[in-house]
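Data first, discussion second: the structure below is written as structure tokens.
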Amino acid sequence: MLYLWMPEGDAAWRWRVNATDVWQTAANWDELLQATATENQKEAIVFFPTSSTQILRQPMTRQQLRQIGPTGVRYLLEEYALLPIDQLAVHYQLDTSLVDESEHVNIMALPTSLVGQYQNIMALGVWRIQALLPDFLLVPAPTILNEAQLIIHQQQRILRVSDYVAYCADDLTILLDYLPELVQLNIWGQPNEQDQLAIEGIAGLAVGLYAWETTPAPLTDAQYIRHPFNVLPKAKAQLSGYWPAIAAVLVATLLVQMVYDGVRTWRYHKIAEQTHAMAVQQFQSWFPEERRIVNLKRQFEAHLQSNSTMDLTALSLISRVGPLLQQANLPASQVQYRDNVLELTVNASGLPALESLRSQLSDQGLNAELGSVNPANGQVSGLIRVQL
């Protein structure tokens, strides 16, 4: 198995064949291909920078996790992620805290587009990618309570505090302030002077310093591939020998889908009939002299053409205002167009309905103004002026 460590910034690529080997470096992609060509490795596990992920740990029981489901887990990230949650690839795992044996859900998210970019990059190589993982999984997980593992190598600085949680340790002073219960810190690599000052500022903190080359392999190949934070899209499983049962399930699914489509088509037909009836009612309220309606669209256009003061601006206004009136089920008793202003006398149940209509018109990019409002037969009649 070939292990590839993607660079962060302008750093070098790193690679090794065995999990216990020392990491080799390649300045760029071409050098990486040349350096690994002689190894004759067909499969690879790739590690990308942890800095491109958002990791969140939340107290949650298994029952609660089952209730909220994958969609609910996504919404837990809503206050922390910069991107909309529907643009994130989200992976999570439930585990038991080492501190109080309470259950937590660990969530890792990164942009879906970034996962695609990583896949496109690795598709240029000659390997079959078996796993695409955050590089904090190269750091050994803590083995005792309130322990953390810090790895320092070239530009990579990662602090791992549990099996599923790690942080980018660019500023160790600030990061350690968020870990007041830390009692043991193992450092793999050589800390700089600023790191040493940050560590010495924590009373009672025991520090173990190890050479980078002695970093143990945290997981086996199979564990990496099955890891819940493997963002590589899962390959579709092949059909097993139980194909008759699978075919029966497929047929049943198709039947259910056909019934569903039939019900949905019938429902849309009903909605279309209701919409047409509302349009006819609105047309008759605007043009009460029209008692027989043969072609609603042509009759409406004829009225517009017969009015010399009506122009394309009026037609544009009516085409945008009409659907909102139908949606809100608000009839217009009078319609006038003059001086580039469309005036509608609208009957509604109350002032809030008129104000809501005015707000919807404004949201459509129209200049809408609510004029006088008068009571009328238990309702209100309001004048709304609309212009582009």
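The values are calculated or read from the model by the stated rules, or taken from the named source; none is laboratory data. Keep in mind it's a predicted model, so treat the numbers as computed, not measured. As a convention, Cβ positions derive from the backbone with ideal geometry for all residues, glycine included, and neighbour counts pool all protein chains shown.
Looking across Thr50, Thr20, one residue alone is under 33 Å from the mean Cα position of the chain (by Cα), touching a residue at least 60 places away in the same chain (Cβ under 8 Å) and within 23 Å of Ile152 (Cβ to Cβ). It is Thr50.
For the stretch 328-388, the strands (runs of 3 or more DSSP E) that sit wholly inside it and include 1 or more residues that are modelled with pLDDT of 85 or more are 341-348, 367-376, 379-387. Within the stretch 336-383, being in contact with a Ser or Thr (Cβ under 8 Å, 6 or more places away or on another chain) and closer than 23 Å to Thr313 by Cβ holds for Tyr337, Arg338, Asn340, Thr345, Val346, Ala368, Gly382, Leu383. Somewhere in the stretch 272-295, is a residue under 36 Å from the mean Cα position of the chain (by Cα) and in contact (Cβ under 8 Å) with a residue 24 or more places away in the chain? Taking every residue of the stretch 272-295 in turn, at least one turns out to be under 36 Å from the mean Cα position of the chain (by Cα) and in contact (Cβ under 8 Å) with a residue 24 or more places away in the chain. Listed by first and then second residue, the pairs linking a residue in the stretch 168-179 that is of a type outside the set (A, V, I, L, M, F, W, C) to a residue that is modelled with pLDDT of 85 or more and surrounded by 14 or more Cβ atoms within 10 Å (Cβ to Cβ), with Cβ atoms under 8 Å apart and 6 or more places separating them unless they lie on different chains, are Asp170/Arg157. Answer yes or no as to whether Ala141 is under 25 Å from Trp212 (Cβ atoms) and surrounded by fewer than 21 Cβ atoms within 10 Å (Cβ to Cβ). Yes: the conditions hold for Ala141. With respect to the conditions (1) surrounded by 13 or more Cβ atoms within 10 Å (Cβ to Cβ); (2) over 21 Å from Ala166 (Cα atoms), Gln63 lacks only one, and its number is (1).
Just one of the listed residues (Ala19, Ala11, Ala44) is in the same structural domain as Met122 (by TED's automatic domain parsing), surrounded by 17 or more Cβ atoms within 10 Å (Cβ to Cβ) and outside any helix (DSSP H, G or I), namely Ala44.
Checking each residue in the stretch 23-47 for being within 31 Å of the chain's Cα centre (by Cα) and of a type outside the set (Asp, Glu) picks out Trp29, Ala44, Ile45, Val46, Phe47. Being surrounded by fewer than 18 Cβ atoms within 10 Å (Cβ to Cβ), modelled with pLDDT of 90 or more and among the β-branched types (Val, Ile, Thr) is true of Ile225. Restricting the stretch 88-102 to residues that are exposed (fewer than 13 other Cβ atoms within 10 Å of the Cβ) and either modelled with pLDDT of 75 or more or not acidic (Asp, Glu) (or both) leaves a set whose member that is nearest to His227 (Cα to Cα) is Thr96. Quick check on the stretch 239-246. Is at least one of its residues at pLDDT 75 or above, in a helix (DSSP H, G or I), surrounded by 10 or more Cβ atoms within 10 Å (Cβ to Cβ) and out of contact with any strand residue (DSSP E or B) (no Cβ under 7 Å at 6 or more places or on another chain)? Yes, the stretch 239-246 contains a residue that is at pLDDT 75 or above, in a helix (DSSP H, G or I), surrounded by 10 or more Cβ atoms within 10 Å (Cβ to Cβ) and out of contact with any strand residue (DSSP E or B) (no Cβ under 7 Å at 6 or more places or on another chain).
Against the conditions (1) at pLDDT 90 or above; (2) assigned to a helix (DSSP H, G or I), where does Pro70 fall short? Just the number, please. The one condition Pro70 does not meet is (1).
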